[in-house]
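What follows is a set of notes on a single structure, which appears directly below.
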Amino acid sequence: MKLNLHPLQNRIVKEPAPEPTSLLKAVSIVWPVLVYNVISQVVLIVFAYFMQWISLESGNMLPLAEWVRAHSVLISGGVKALSMAAGAAAVWHLFIKETPVIAMPIGRKKDISILFILGGCAALAVNILFSLIGFTGSSEVYEQVAEKQFALPLWAGIILYGIVSPIAEEIVFRGIVYNRMHRQYGKWIAIIGSALLFGLYHGNIVQALYGFMLGLLIAVLYEKYASFAVPVIIHSAANVFVYVVTSVPVLQKTCMNLGAFLGSMVLFMVLLAGCLSKKGD
């Protein structure tokens with residue numbers, strides 16, 4: 001770095017660091033997503049090889065192989081949780097650097113239940129709409145993903161998709177990506193850009209559109225509350241509501257209709273208007 005002698009103060013002054021290029025800015029935003037995804041996939045690939053190996057074992061290993069096969073769905077869910085945790089751990093240092101406030105402000109803690117219901121209503125409304133218009137059945141890839149997701153027992157699905165997944169994914173997409181985009185490009189590009197990346201990350205057209213819409217909501221309320229707890233609460237609620245309704249046949253039959261869609265939308269809009277109209281603390 002070049003150093004110049006200040007003529008008036010007779011001291012050494014460092015020249016300001018050069019502004020990062022557009023390419024470097026883009027890379028700084030995308031690469032945490034890639035790191036998270038690669039680490040997660042490595043864990044899943046290692047497990048897949050283990051399952052292939054254990055299926056060929058016999059003799060002393062046969063009881064273990066039989067136990068693994070008998071509990072393969074639950075074990076797969078545990079490994080999925082482990083892969084997400086490993087991916088989040090790989091970018092944790094970036095999250096800590098980029099995310100100034102994690103907990104809900106004291107004056108806003110009463111909003112936690114409102115945000116949870118809001119996130120659940122938003123997710124239900126979109127999922128019901130997609131089902132009514134036949135959009136969920138338009139993607140074979142999504143149907144395969146959904147079959148694996150909803151194969152888990154209800155309690156395991158709630159832990160994986162209601163706790164582990166929201167925390168891990170929000171660390172990446174709002175904790176790192178949104179905050180970096182906000183600093184480099186401003187609020188609205190950060191809101192739209194982080195939601196777009198979040199949607200594309202899911203890898204199929206149904207979840208991409210759903211993820212984009214949910215990502216917009218999460219980013220807007222993250223901006224409003226300035227607390228990382230808010231994205232996690234909304235994301236968790238969205239996943240839990242959808243998982244419970246889809247997994248319980250009575251609820252699925254009751255909710256997948258136009259009346260449930262309109263009710264969810266009205267309640268969502270009322271709660272959203274209330275949250276956005278509140279003055280900051």
*asked:* Looking at segment 232-244, can you tell me whether even one residue there is of a type in the set (Ser, Thr, Tyr) and free of Cβ contacts under 8 Å to residues at least 12 places away in the same chain?
replied: no
*Mind checking whether some residue in segment 132-142 is in a loop (DSSP other than H, G, I, E, B), without any contact (Cβ under 8 Å) to a residue 24 or more places away in the chain and not hydrophobic (A, V, I, L, M, F, W, C)?*
yes
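Just to be sure before I move on: is Leu152 more than 26 Å from Leu267 (Cβ to Cβ) and touching a residue at least 12 places away in the same chain (Cβ under 8 Å) in the structure I sent?
In short, yes.
Tell me, please, whether a residue that is under 30 Å from Trp155 (Cβ atoms), among the polar types (S, T, N, Q) and touching a Cys at 6+ places or on another chain (Cβ under 8 Å) can be found in segment 243-259.
Step one: filter segment 243-259 for residues under 30 Å from Trp155 (Cβ atoms), giving 243-257, 259.
Within this subset, residues satisfying the condition of being among the polar types (S, T, N, Q) are 246-247, 252, 254, 257.
Next, only the ones that are touching a Cys at 6+ places or on another chain (Cβ under 8 Å) stay: none.
No, segment 243-259 contains no residue that is under 30 Å from Trp155 (Cβ atoms), among the polar types (S, T, N, Q) and touching a Cys at 6+ places or on another chain (Cβ under 8 Å).
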*Is there a residue being more than 15 Å from the chain's Cα centre (by Cα) and either over 20 Å from Cys121 (Cβ atoms) or small (Gly, Ala, Ser) (or both) anywhere in segment 158-175?*
no
*Identify, by number, the condition in (1) in contact with a Gly (Cβ under 9 Å, 6 or more places away or on another chain); (2) among the aliphatic types (A, V, I, L, M); (3) buried (at least 21 other Cβ atoms within 10 Å of the Cβ) that Ala151 doesn't meet.*
(3)
*Could you check Leu115 against (1) in a helix (DSSP H, G or I); (2) under 30 Å from Val79 (Cβ atoms); (3) modelled with pLDDT of 90 or more and say which number it fails?*
(2)
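Yes/no matrix, rows are residues, columns are (1) among the hydrophobic types (A, V, I, L, M, F, W, C); (2) modelled with pLDDT under 90; (3) surrounded by 14 or more Cβ atoms within 10 Å (Cβ to Cβ); (4) over 22 Å from the mean Cα position of the chain (by Cα):
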position: Trp53; (1), (2), (3), (4): yes, yes, no, yes
position: Ala70; (1), (2), (3), (4): yes, yes, no, yes
position: Ala81; (1), (2), (3), (4): yes, no, yes, no
position: Ala88; (1), (2), (3), (4): yes, no, yes, no
position: Val91; (1), (2), (3), (4): yes, no, yes, no
position: Phe95; (1), (2), (3), (4): yes, no, yes, no
position: Pro100; (1), (2), (3), (4): no, yes, no, no
_Qualifying residues in segment 24-48 (those that are more than 12 Å from Met84 (Cβ to Cβ) and not hydrophobic (A, V, I, L, M, F, W, C)) - the one modelled with the lowest pLDDT_ = Lys25
*Would you point out the residue of segment 102-111, among those that are over 21 Å from the mean Cα position of the chain (by Cα) and part of a helix (DSSP H, G or I), that is modelled with the lowest pLDDT?*
Ile106
*For segment 172-281, which fully contained helices (runs of 4 or more DSSP H) count at least 2 residues that are crowded, with 18+ Cβ neighbours inside 10 Å?*
179-185, 187-201, 205-225, 229-247, 258-277
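The values are calculated or read from the model by the stated rules, or taken from the named source; none is laboratory data. Keep in mind the model is a prediction, meaning the values are calculated, not measured. Every residue, glycine among them, receives a Cβ derived from its backbone with ideal geometry; neighbour counts consider all protein chains shown.
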